[in-house]
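What follows is one structure encoded as C-alpha cells, with my remarks underneath.
The values are calculated or read from the model by the stated rules, or taken from the named source; none is laboratory data. Note that the structure is a prediction, hence the values are computed from the model and not measured. Don't worry about glycine lacking a Cβ; one is built from the backbone with ideal geometry, like all the others, and counts go over all protein chains shown. What goes into the accessible areas is simple: the full protein's heavy atoms, side chains included, and nothing from ligands, DNA or RNA. Shrake-Rupley method; radii C 1.70, N 1.55, O 1.52, S 1.80 Å.
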Amino acid sequence: MGAPTGLPPEPFFCGPGLDRADALRSDESALEELAARPDARELQWRDGLPILSDEGRLTWGEASRPELFLGLDGSSPRYSAVQPVIPDAPSAFGAMAMLHSGEAPLFAAALSLSRWHGRHRFCANCGHLTEPVRGGWSRRCPACAAEHFPRVDPVVIMLAEYDGRLLLGRQPQYPAGRFSALAGFVEVGESLEAAVARELHEEAGISVRNVRYVASQPWPFPSSLMIGCHAHADSDALTIDTNELDDARWFSRSDIAAALAGATDASFLPPPKAAIARTLLERWLAA
Ligand SMILES: [Zn+2]
C-alpha cells in the first residue's frame with residue numbers, strides 16, 4: 001500500500017504487514033489445525049529481539065511453540081513464542097537501522113505483542129496468573145474472568161505553524177544539532193486535539209487552533225501509537241519548558257528543505273528516516 005499520489009512515502013512501521021486473520025482468533029479448533037500445519041512458521045528471536053538476516057529480513061523456523069498467532073502470510077500461518085523479559089536486552093531501537101522497511105510492520109506487531117505478554121502475566125483486577133487466549137491477542141483471568149488486551153499508548157506528535165514557519169524542539173538526549181516535532185502522551189479523558197493543544201502550551205507556551213490529523217505510526221518501544229498532527233499557532237512568542245526541552249525554535253521552509261536534503265550548511269539535523277516527525281516535515285514541505 002503506497003502513500004497517496006504525490007506524497008512522500010508512508011512512515012516506517014506502516015504498511016499492510018500480515019493478514020491478521022482476526023476471525024480465526026476466536027475459533028479454537030481452527031487455531032489448533034493451523035498450528036499443526038507443515039507450513040506453519042515461528043519467528044526466531046535472540047536476546048529479546050527478532051533475529052534479522054543480513055538483508056534485514058525477519059527469520060523463521062519450525063513452529064515448535066506456536067503461542068502467538070501473528071497471522072497468515074498468503075495461506076501460511078505465522079507464529080511467535082512469548083519471549084521472556086530480558087532485563088539487559090539490547091535496544092530494539094538499534095535493530096531498526098538494520099530492519100527492511102517491508103518487514104517493519106510485522107516486527108512492530110511481534111515485538112509489542114511478545115513484550116506485552118512478558119510484562120502483563122498477572123490480572124490487573126485480582127492479581128491471579130492469567131493465560132493467553134484468542135491466539136495470543138488477549139489474556140484471560142481464570143479466577144475473575146477479566147479479559148486484558150495488549151496496550152496501545154497514544155502519543156500526539158505535532159508541527160505547529162506560524163507565518164509559514166514550523167516549531168521544532170530539542171530533547172536533551174538528542175544528538176547534537178537535532179530538532180524534531182514536539183510530542184506527548186494523550187491523557188485519559190482527552191481528545192487528540194486537546195492533547196496537541198495542551199502539549200504545545202506546556203512545552204512551548206503557545207496557543208494553537210485548527211488541529212488536524214496528518215498520519216500515524218506504530219512505535220513498538222514498547223507500545224506507542226504516534227499520531228501525527230498539524231496546528232496553527234496564534235503567536236510565535238515561546239515560553240520553553242526547560243524540564244522537557246533543551247531548546248525550541250521556529251524554522252522556515254528553506255531551513256527545513258535544506259535539513260531534509262542533508263545540506264552541509266543546514267541550520268539543524270532533522271529527525272531520522274524511521275521517525276514520523278520526518279514524514280510530517282516531508283509532507284508539509286510537499287504540500
Ligand atoms: Zn482476575
*Considering LEU167, LEU159, LEU113, which residue is surrounded by 17 or more Cβ atoms within 10 Å (Cβ to Cβ), more than 29 Å from ILE256 (Cα to Cα) and modelled with pLDDT of 95 or more?*
LEU113
*Identify all residues within region 56-77 that are within 19 Å of LEU111 (Cβ to Cβ) and acidic (Asp, Glu); write none if there are none.*
GLU67, ASP73
*Would region 98-107 turn up any residue that is over 15 Å from the mean Cα position of the chain (by Cα), surrounded by fewer than 17 Cβ atoms within 10 Å (Cβ to Cβ) and within 16 Å of the ligand (Cβ to nearest atom)?*
no
*LEU111, sole failed condition from (1) out of contact with any Asp or Glu (no Cβ under 9 Å at 6 or more places or on another chain); (2) within 16 Å of the ligand (Cβ to nearest atom)*: (2)
*With (1) aliphatic (A, V, I, L, M); (2) within 16 Å of the ligand (Cβ to nearest atom); (3) under 24 Å from ARG278 (Cβ atoms) as the list, and ALA183 as the residue in question, which single condition is left unmet?*
(2)
_I need the full set of residues from region 268-287 which are more than 18 Å from ALA183 (Cα to Cα) and either within 22 Å of the chain's Cα centre (by Cα) or open to solvent by 30 Å² or more (accessible area, probe 1.4 Å) (or both), in order please._
LEU285, ALA286, ALA287
*ARG212 passes all but one of (1) surrounded by fewer than 17 Cβ atoms within 10 Å (Cβ to Cβ); (2) in contact with a helix residue (DSSP H, G or I) (Cβ under 8 Å, 6 or more places away or on another chain); (3) assigned to a strand (DSSP E or B); which number fails?*
(2)
*How about region 225-252: which of its residues are open to solvent by less than 40 Å² (accessible area, probe 1.4 Å), part of a strand (DSSP E or B) and closer than 12 Å to LEU200 by Cα?*
CYS229, HIS230, ALA231, ALA233, ALA248
*asked:* Just to be sure I understand the filter: pairs with C-beta atoms under 8 Å, separated by 6 or more residues or on different chains, first member in region 142-158 and more than 10 Å from the ligand (Cβ to nearest atom), second member in a strand (DSSP E or B) and of a type in the set (Ser, Thr, Tyr). Which pairs pass?
replied: PHE149/SER138; PRO150/SER138; VAL152/SER224; ASP153/SER224; PRO154/SER224; VAL155/SER224
*Verdict on ASP265 being more than 26 Å from the chain's Cα centre (by Cα), open to solvent by 60 Å² or more (accessible area, probe 1.4 Å) and closer than 21 Å to ALA176 by Cα*: yes
*Can you run down the residue pairs with Cβ atoms below 6 Å, 6 or more apart or on separate chains, where the first is in region 199-210 and on the phi > 0 side of the Ramachandran plot and the partner is of a type in the set (Ser, Thr, Tyr) and open to solvent by 30 Å² or more (accessible area, probe 1.4 Å)?*
GLY205/THR239
*Just give me the residues in region 184-198 being in contact with a strand residue (DSSP E or B) (Cβ under 6 Å, 6 or more places away or on another chain) and either among the charged types (D, E, K, R) or in contact (Cβ under 8 Å) with a residue 60 or more places away in the chain (or both), in sequence order.*
GLU193
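Table: residues versus (1) more than 16 Å from the ligand (Cβ to nearest atom); (2) under 18 Å from ALA35 (Cα atoms); (3) not aliphatic (A, V, I, L, M).
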position	(1), (2), (3)
SER80	yes, yes, yes
TRP116	yes, no, yes
ARG121	no, no, yes
CYS126	no, no, yes
*Go through (1) under 22 Å from ARG25 (Cα atoms); (2) open to solvent by 20 Å² or more (accessible area, probe 1.4 Å) one by one and return the number of the condition GLU193 breaks.*
(1)
*Taking region 142-156 as the region of interest, how many residues are in contact with a Phe, Trp or Tyr (Cβ under 7 Å, 6 or more places away or on another chain), more than 30 Å from ALA287 (Cα to Cα) and open to solvent by less than 60 Å² (accessible area, probe 1.4 Å)?*
1
*Look at VAL208 and say whether it is under 21 Å from the mean Cα position of the chain (by Cα) and among the aliphatic types (A, V, I, L, M).*
no
